[in-house]
């Protein structure tokens, strides 16, 4: 049965029995050879799963916690390996005892109906199965405490990038205070590799209810809580797109509060920063569309730098076209979907807080024409 | 009538025997159930109430699983999906779990300690009806929750209802009010019943039954009720604060006015974590009766079992913030809760080992209750181990609020609690009705439920590891979650079939089941010393016991337990 096979293989990929106690105390940030092999096996399984579903394979978009590409995510995966190894051994031992007891001590067909010997307990045996678990718990606790300290108490190095993440119902606001950039839903950070470590430190706030920032391949999740500033950090070691989403139930569209983190080469990142620093272009060919924008309530909630629009409830639209998605990943960023979204947000993302402006079709076309120039 | 009763009283016989009127019609029967203060009738009503809502919550989750079977599904709107998972969770904990455990405690505790009823029979009825009306109030939200604003009907804030989502600003209409009032009313019922059971156990044991000679089930229910008293109170306090916020304009959780979102989390989980143990300890209690009887051996390490349960009760009160590892506590705070959470696995492990020790060297009979008991031990093991994974805070930063957590706590709530409650129903059904449940249907029920359970919940760990958060009404294709979710849904279907078999078994066995007699399992505790079903006064003569297994002593006069205890 392929499904059972798949699950079995996947469990193998959890590397349950991969390493034992000692070497998991030694954290390495680079994937070992074994890890690379196991990673490939997992990609194979996922590929096979895609074939099942009859879809194209892109396993890099599977946000698995066992395919870490960032320093804190690596530390966690190592700890996870260690915990899985220990619990795996306990499982095998205790489950075997249970199976043995059930088979060995079942009542036989030729049973003589006498009662078995009554045993009420045993001091030494009880002591043994109390002390051994205590020892295991001590080891697990110490290892865990070490990783907590390593991740949570990490100092912010001088070259680190700082980003403010603000959770809204149901989208993400990213502000780069040192660079003066504001964007939404798609976070760009530089890769950290070689001699120059460039981690990104995020400070997390919420504009309304509790959210949680979770990109499994980059780090564990941290909540965004109103009236509380939390922090976390990532240090991605490979370029590419990493998917995540809000992990704390935050209302109607919790499911469509998707996160995309683009890890760029230092050059690409610098280029992206220069683009984002600019104010919006004033293309005279779409002046009519800009007028529609400026005369509609759009400006109450959105910012477009260089125009009168300075609202803070919705995403900054200054460089809208530099993003791949709309409505926090609910739609892809094409003129058609942009038009559908403006026309009726509630159809595209039921419950979304952006109101429909009831624009005439002609105005809608002008507006979309204007927005598509915001590169 | 009055005269007869009086004569009976005077002659010293029990008056209840002669009052059974011959010509009762249906209305009389219903009336008798509605006004009863008999612990057995109330216990059975608790259990029926729990099973009814078990089916309701099952239907809710059936809809949820259909919605999640394929990516980008439009079977449910997000609003309805959010209401369904809120109602499913709330129902399962407050309207299924609590009534079922109180039902068992109500029915069994007086019988097992040789008493004629609980200490306060009227308070008992009061507690039951409060629970019922709490449940009805919650479900009335489907009709009355819209309020003036036309906002959603049933509550959609999740079963732990994090602030400030429950505030006026984010939850319009009255759905959240029904949620908080329903739980508060039910909570008062739970407190009343818990106090009642504690008093009964401490004051009404039959002669000879010292605390150390109580059946384990009684001990564990005593501990459970103590936990109810301690932990329902902070929940009620939090609900009152929330009501003040919503109606009077106070700012406990109103973050826009400087209130605290984490305050609610602390209050809720100080209740919420021990609540898991409140529900699972009665399952431990049932296992501690079923496993010895079907292994034909005394429970292994009785004092250690009691001690381990008390340890669990105490430690479980200091682990709540392991539900909150992601809220940005200090590393010291996180480490404290790692230590306390890991510690709780020690007494839990001890219990598993003691059940194994009970089976070891026995002669195991695989009747349906025992099958559920063995599955219970197996699931408890797995749930404990995934619990250790979640206790490792950094690992938890990944797994928290993912499908892995859902799989983990369903292993507790279904794999351990529901399995053992099924086992308990198969075990005590003959006592309550005088008829055995059908063994053949019982085996079908067990195996189908086991297969369905593992299909759903084993699989469900994996999407969590692959980054699927809980409480999302839909997901995109291409994340590696599709097939896994489909398997979960299939497993759910199998579990539904198993539940239908169970319901059919109950209905048909009530009328056609094999006659049980007083002691069908050849068991050892006092409830099997009286007839099936027991008379209203339980025991014509209050029994006198000398050991933990009084019926063993009677059955084996040459080798009684009291020689060894």
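Run down B:533, B:543 and say which single residue is in contact (Cβ under 8 Å) with a residue 12 or more places away in the chain, closer than 25 Å to residue B:439 by Cα, touching a helix residue (DSSP H, G or I) at 6+ places or on another chain (Cβ under 8 Å) and in a loop (DSSP other than H, G, I, E, B).
Working: B:543 fails: closer than 25 Å to residue B:439 by Cα.
Sole residue among the options that is in contact (Cβ under 8 Å) with a residue 12 or more places away in the chain, closer than 25 Å to residue B:439 by Cα, touching a helix residue (DSSP H, G or I) at 6+ places or on another chain (Cβ under 8 Å) and in a loop (DSSP other than H, G, I, E, B): B:533.
When B:434, B:452, B:442, B:480 are checked against the criterion of being at positive phi and buried (at least 20 other Cβ atoms within 10 Å of the Cβ), B:480 stands alone in meeting it.
Taking helices (runs of 4 or more DSSP H) as the structural unit, those lying wholly within region B:364-420 and holding at least 2 residues that are within 15 Å of residue B:469 (Cα to Cα) and at pLDDT 95 or above correspond to B:393-399, B:403-410. With respect to residue A:127, is the statement that it is touching a strand residue (DSSP E or B) at 6+ places or on another chain (Cβ under 6 Å) and either crowded, with 21+ Cβ neighbours inside 10 Å or more than 30 Å from residue A:251 (Cα to Cα) (or both) true? Taking the combined requirement at face value, the residue does not satisfy it. Residue-level check: of (1) at the interface with chain A (Cβ under 10 Å from one of its Cβ atoms); (2) in contact with a helix residue (DSSP H, G or I) (Cβ under 7 Å, 6 or more places away or on another chain); (3) assigned to a helix (DSSP H, G or I); (4) surrounded by fewer than 20 Cβ atoms within 10 Å (Cβ to Cβ), residue B:496 misses just (1). Could you check, for region A:205-226, whether at least one of its residues is over 16 Å from the mean Cα position of the chain (by Cα), without any contact (Cβ under 8 Å) to a residue 24 or more places away in the chain, within 14 Å of chain B (Cβ to nearest Cβ) and over 19 Å from residue A:353 (Cβ atoms)? Yes, that holds for at least one residue. Among the residues of region B:145-164, is any assigned to a helix (DSSP H, G or I) and surrounded by 18 or more Cβ atoms within 10 Å (Cβ to Cβ)? No, region B:145-164 contains no residue that is assigned to a helix (DSSP H, G or I) and surrounded by 18 or more Cβ atoms within 10 Å (Cβ to Cβ). Taken over region B:316-350, the residue count meeting the criterion of being more than 10 Å from every other protein chain (Cβ to nearest Cβ) and buried (at least 20 other Cβ atoms within 10 Å of the Cβ) is 7. All of B:506, B:487, B:472 fail the test of being modelled with pLDDT of 95 or more, surrounded by 17 or more Cβ atoms within 10 Å (Cβ to Cβ), part of a helix (DSSP H, G or I) and touching a helix residue (DSSP H, G or I) at 6+ places or on another chain (Cβ under 6 Å), apart from B:487. For region B:242-260, a residue qualifies if it is within 32 Å of the chain's Cα centre (by Cα) and in a loop (DSSP other than H, G, I, E, B), and the qualifying residues are B:252, B:253, B:260. Residue-level analysis places residue A:153 outside the set of residues that are more than 7 Å from every other protein chain (Cβ to nearest Cβ) and either within 28 Å of residue B:548 (Cβ to Cβ) or touching a helix residue (DSSP H, G or I) at 6+ places or on another chain (Cβ under 8 Å) (or both). Would you say residue A:134 is surrounded by 12 or more Cβ atoms within 10 Å (Cβ to Cβ), more than 7 Å from every other protein chain (Cβ to nearest Cβ), within 19 Å of residue B:383 (Cα to Cα) and in contact with a helix residue (DSSP H, G or I) (Cβ under 7 Å, 6 or more places away or on another chain)? Taking the combined requirement at face value, the residue does not satisfy it. Has region B:510-520 got any residue that is over 30 Å from residue B:206 (Cβ atoms) and out of contact with any strand residue (DSSP E or B) (no Cβ under 9 Å at 6 or more places or on another chain)? Checked against the condition, which is being over 30 Å from residue B:206 (Cβ atoms) and out of contact with any strand residue (DSSP E or B) (no Cβ under 9 Å at 6 or more places or on another chain), region B:510-520 yields no hits at all. Of the residues examined, residue B:167 is one that is in a loop (DSSP other than H, G, I, E, B) and touching a residue at least 40 places away in the same chain (Cβ under 8 Å).
For every residue, the table says whether it meets (1) within 27 Å of residue B:385 (Cα to Cα); (2) surrounded by 17 or more Cβ atoms within 10 Å (Cβ to Cβ); (3) facing chain B (nearest Cβ under 9 Å).
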position	(1), (2), (3)
A:72	yes, yes, yes
A:81	yes, yes, no
A:87	yes, yes, yes
A:98	yes, yes, yes
A:108	no, no, yes
A:143	yes, yes, yes
A:146	yes, no, no
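If you go through region A:340-370 and pick out every residue that is under 29 Å from the mean Cα position of the chain (by Cα), in a helix (DSSP H, G or I) and buried (at least 16 other Cβ atoms within 10 Å of the Cβ), you end up with 5. Among the residues of region B:267-296, none is identified as in a helix (DSSP H, G or I), over 17 Å from residue B:380 (Cβ atoms) and within 9 Å of chain A (Cβ to nearest Cβ). Quick check: is even one residue across region A:284-294 assigned to a loop (DSSP other than H, G, I, E, B) and crowded, with 19+ Cβ neighbours inside 10 Å? Checked against the condition, which is being assigned to a loop (DSSP other than H, G, I, E, B) and crowded, with 19+ Cβ neighbours inside 10 Å, region A:284-294 yields no hits at all.
Applying the set (1) without any contact (Cβ under 8 Å) to a residue 60 or more places away in the chain; (2) at the interface with another protein chain (Cβ under 10 Å from one of its Cβ atoms); (3) buried (at least 24 other Cβ atoms within 10 Å of the Cβ) to residue B:299 leaves exactly one unmet item: (1).
The values are calculated or read from the model by the stated rules, or taken from the named source; none is laboratory data. These numbers were taken from a predicted model, which means no experiment stands behind them. Virtual Cβ from ideal backbone geometry, glycine too; neighbours counted across all protein chains shown.
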